[in-house]
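K.L.:
My structure is below; once you've seen it, I'll send some questions.
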Amino acid sequence: MSLPASSLNPIKRPVWLLSMDSDQFYAAPTTTGGLKAYYLEYGTQTDQNEIELVHFRDGDQALEWPAQWIQQELARAQQALAEGLTPILGLSFYTWNTAEFLSIARQLKAACPELLVVAGGPHVQQAEDYLFDEPIDLIALGEGEATFQELLDNPARSHWPEISGLAYLDEGELRKTGERTRRVDLDSLPSALNVVPLRDQVTGKALYDSISYETSRGCPFKCAFCEWGTGAIGTKMYQFSMERIERDWRQIVAAGIKDIWLADSNFGALKDDLAKAQLICDLKAETGFPSTFATSWSKKHSPRVQEIVLLLNRHGLLPHYQLALQTLTPLALELSNRQNMSSNKYEPIAKQMAEQGVPIAAELIWGLPGDNLKDFEANLDQLLATFPNINIFGYTLLPGTEFYEKREEYQIETIPVAGYGKAKGEYVVGCHTFDRDEGIEGYFLITAHIIFVHGHLLPLTNRFLALSGVNGISRALRHLLRTCLQEYQNQLPNLDISDRMAVYEQRSKLYLALLQSPQTSYRLLEKVLCAWAKEEGHDEVFLKRLRCVMALDKTLSPRIGKKQTAWQHFEFDAQQLLKALDAMDLPDWDRILDQQQDVMIETPGGVGDVLKDPDGGSWLKGKVLHSAIPVDRLPA
């Protein structure tokens, strides 16, 4: 007598775990992979659950998935329900994927109302913001591995109160179960690499460009704008063993994955971090991988951190050492709980790193409560003379942070990010220390900085002005941006140039328009900056030097089209001028102006094809290939 098909192939509960990459970071799904690996290791009902990792490369791919699911998976979900097994959708929420994942949840819930939707991750730790308004049934609070495992083993609603670390609605009221105790022994967490393939089974090639990997958990700081140390993870730092890390890293580089980005909060703070840095350097020497290694650095520039930075730099693994200053305004530092951080003593740190040839950068956030645009710009102008690279971010108010909880106390005013509402966070445009107009003007400043400095249109000019002690550089950049918008508005369809937040979000349109006709653009830039310098009282000697630096910026700017190599004539010693400014020094101008040069310049091209956003302008900047041919000026 034959058994029924259902007995031969028993129905399992389908579980879909979703993850999505952020822009320009195609990485293995280690977060959802960790959840699956944990369940397979510790779950008691693994024979009843079938977990599928669904990983999206971008938002477009994610938004196409619901139609595919309805066509291919809905029947399986309904069949499981008929067998008394509730299908589960698990969503790992971060700022960059929240809008897409909420859309997916709505569509799948509409098609299958009995589907249990479980959310976790830093962006949903303020559970009440989502449970009342969105099609989410459960939210995991804190570390999610054990919570998700216990839920899969006991998914019935009657068991929810017994599972620590859950939030849900009970007859319209928010319920939170007991706090999930943090895990101290991180090695007890199985590796996500146990279940996440890194190579194509046919070609053997790496399936991903990058991987995000955590060697530790926790953050000792409680910055009011950040969820890291104050929310789901906590302030106490724990770490994986070196044996575990080496085993995983050797698997990663063996697969040919190019980039390893650490998800650590304060790399360099722990004693073992030096050994980790040495390991990554040894692996590169042995295998050629990884190509790059990035992390969030310790806020204390200790001797250990310095040693790690120099070690990585010697092995070509340091894209930059980023000093997370965030703000220099005293009140903003105080309200952000950052006034006693040693990184605030930035000048000797920057000088020391520059002397060692380390590519150092500063990080700032505009819009923190306690700040104001006048002080922020003055601080920025000061930093421009110290740091070769500065990254400015607009402050996005995130759930689960101290500022989020104190938004009424600090009169925080926000607008939705890119029209998504709370899904992708909220731009802070006003608070008790700056009004809405000032807040939005700060985003206009960020736009100007990204286009002209990050976009590599005027980085050397910006540096020259700062090193020369010129006041009001940030104001000049904003003035330059307004002029360019007016001049190019006919080439900016569907962009209201009077809407400064729209300009911020669509800044790539102006950037590409400027590079369509570089000769015209640089004539405009020179005209505006020289007129501004005259108004500020600078003489013709200064203006001549300014024009020299702008000529160098023009030659080295990113270009449309294919890679090109050509000789470029300069009426000054271009090579020595570039060398001095790269070293954050002013040149000997008498020597610079006493010599003409022809220099071989290579420009990689690719603007509009490879490069579509000014944030990556330095990737396609021109470079000097050959030593200059000096031409001494003849006496008059």
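K.L.:
If you scan the range 361-381, which residues turn out to be open to solvent by 10 Å² or more (accessible area, probe 1.4 Å), in contact with a strand residue (DSSP E or B) (Cβ under 7 Å, 6 or more places away or on another chain) and within 20 Å of VAL453 (Cβ to Cβ)? I'd like the intermediate steps shown before the answer.
P.N.:
Looking only at the range 361-381, we keep the residues that are open to solvent by 10 Å² or more (accessible area, probe 1.4 Å), and these are 363, 365, 372-375, 377-379, 381.
Now restrict to residues that are in contact with a strand residue (DSSP E or B) (Cβ under 7 Å, 6 or more places away or on another chain): 363, 365, 372-373.
Of everything in the range 361-381, those that are open to solvent by 10 Å² or more (accessible area, probe 1.4 Å), in contact with a strand residue (DSSP E or B) (Cβ under 7 Å, 6 or more places away or on another chain) and within 20 Å of VAL453 (Cβ to Cβ) turn out to be GLU363, ILE365, LEU373.
K.L.:
Starting from residues that are modelled with pLDDT of 95 or more and assigned to a loop (DSSP other than H, G, I, E, B), keep the ones in the range 173-183 and report whichever is least open to solvent (accessible area, probe 1.4 Å). Spell out the reasoning first.
P.N.:
We begin by selecting, within the range 173-183, every residue modelled with pLDDT of 95 or more; these are 173-178.
Now drop any that are not assigned to a loop (DSSP other than H, G, I, E, B), which leaves 177-178.
Values: THR177: 25, GLY178: 44 Å².
Restricting to residues being modelled with pLDDT of 95 or more and assigned to a loop (DSSP other than H, G, I, E, B), the top hit is THR177.
K.L.:
Here are some residues: LEU373, LEU398, LEU458, LEU364. Which one is of a type in the set (A, V, I, L, M, F, W, C) and within 26 Å of GLY59 (Cβ to Cβ)?
P.N.:
Working: LEU373 fails: within 26 Å of GLY59 (Cβ to Cβ); LEU458 fails: within 26 Å of GLY59 (Cβ to Cβ); LEU364 fails: within 26 Å of GLY59 (Cβ to Cβ).
After applying the criteria, what remains is LEU398.
K.L.:
Right, next: Would you please name the residue that is farthest from VAL417 (Cα to Cα), looking only at residues in the range 485-495 that are open to solvent by less than 30 Å² (accessible area, probe 1.4 Å) and part of a loop (DSSP other than H, G, I, E, B)? First the steps, then the outcome.
P.N.:
Applying the first criterion (open to solvent by less than 30 Å² (accessible area, probe 1.4 Å)) to the range 485-495 yields 485, 488, 492, 495.
Okay, now just the ones that are also part of a loop (DSSP other than H, G, I, E, B), so 492, 495.
Details: LEU492: 21, LEU495: 17 Å.
Only one residue tops the list, namely LEU492.
K.L.:
May I pose another question? Take ILE211 and decide whether it is under 29 Å from the mean Cα position of the chain (by Cα) and either without any contact (Cβ under 8 Å) to a residue 40 or more places away in the chain or assigned by the TED database to the domain that holds LYS109 (or both). Break it down stepwise before answering.
P.N.:
Numbers: under 29 Å from the mean Cα position of the chain (by Cα): yes; either without any contact (Cβ under 8 Å) to a residue 40 or more places away in the chain or assigned by the TED database to the domain that holds LYS109 (or both): no.
For ILE211, the condition - under 29 Å from the mean Cα position of the chain (by Cα) and either without any contact (Cβ under 8 Å) to a residue 40 or more places away in the chain or assigned by the TED database to the domain that holds LYS109 (or both) - is not met.
K.L.:
Considering only the range 248-355, give the helices (runs of 4 or more DSSP H) lying wholly within it that have at least 3 residues that are surrounded by fewer than 22 Cβ atoms within 10 Å (Cβ to Cβ) and in contact (Cβ under 8 Å) with a residue 40 or more places away in the chain. Show your work before the answer.
P.N.:
Details: elements: 272-287, 303-314, 330-335, 346-355.
The helices (runs of 4 or more DSSP H) meeting that bar are 303-314, 346-355.
K.L.:
Do any helices (runs of 4 or more DSSP H) lying entirely in the range 1-118 carry at least 3 residues that are assigned by the TED database to the domain that holds ALA156 and either modelled with pLDDT under 95 or on the phi > 0 side of the Ramachandran plot (or both), and which ones are they? Reasoning before the result, please.
P.N.:
Working: elements: 5-8, 30-42, 59-72, 74-82, 98-111.
In the range 1-118, the matching helices (runs of 4 or more DSSP H) lie at 59-72, 98-111.
K.L.:
Give me the pairs, please: first residue somewhere in the range 456-477 and farther than 18 Å from ILE392 by Cβ and open to solvent by 10 Å² or more (accessible area, probe 1.4 Å), second residue anywhere and among the basic types (Lys, Arg) and at pLDDT 95 or above, beta-carbon distance under 9 Å, and either six or more positions apart or on two chains.
P.N.:
SER468/ARG545
K.L.:
Suppose we filter the range 496-521 for residues that are within 21 Å of ASP609 (Cα to Cα), without any contact (Cβ under 8 Å) to a residue 24 or more places away in the chain and either aromatic (Phe, Trp, Tyr) or outside any helix (DSSP H, G or I) (or both); how many remain?
P.N.:
Going through the range 496-521 one residue at a time, the tally reaches 2.
K.L.:
Another question, then. What are the residues in the range 531-547 that are open to solvent by less than 10 Å² (accessible area, probe 1.4 Å) and either closer than 22 Å to HIS569 by Cβ or basic (Lys, Arg) (or both), if any? Talk me through it step by step, then tell me what you get.
P.N.:
So the first thing to find is which residues in the range 531-547 are open to solvent by less than 10 Å² (accessible area, probe 1.4 Å), and the list is 533, 543, 546.
Matches in the range 531-547: LEU543, LEU546.
K.L.:
Inspect the range 154-162 for any residue being touching a Phe, Trp or Tyr at 6+ places or on another chain (Cβ under 9 Å), more than 27 Å from MET20 (Cβ to Cβ), open to solvent by 40 Å² or more (accessible area, probe 1.4 Å) and part of a loop (DSSP other than H, G, I, E, B) and give the result as yes or no.
P.N.:
yes
The values are calculated or read from the model by the stated rules, or taken from the named source; none is laboratory data. Values in this document were obtained by computation on a predicted structure and should not be read as measured data. Neighbour counts are summed over all protein chains in view; Cβ atoms, including those assigned to glycine, are modelled from backbone coordinates with ideal geometry. For the accessible areas, the whole protein counts, side chains as well, though only heavy atoms, and no ligand, DNA or RNA atoms are used. Shrake-Rupley method; radii C 1.70, N 1.55, O 1.52, S 1.80 Å.
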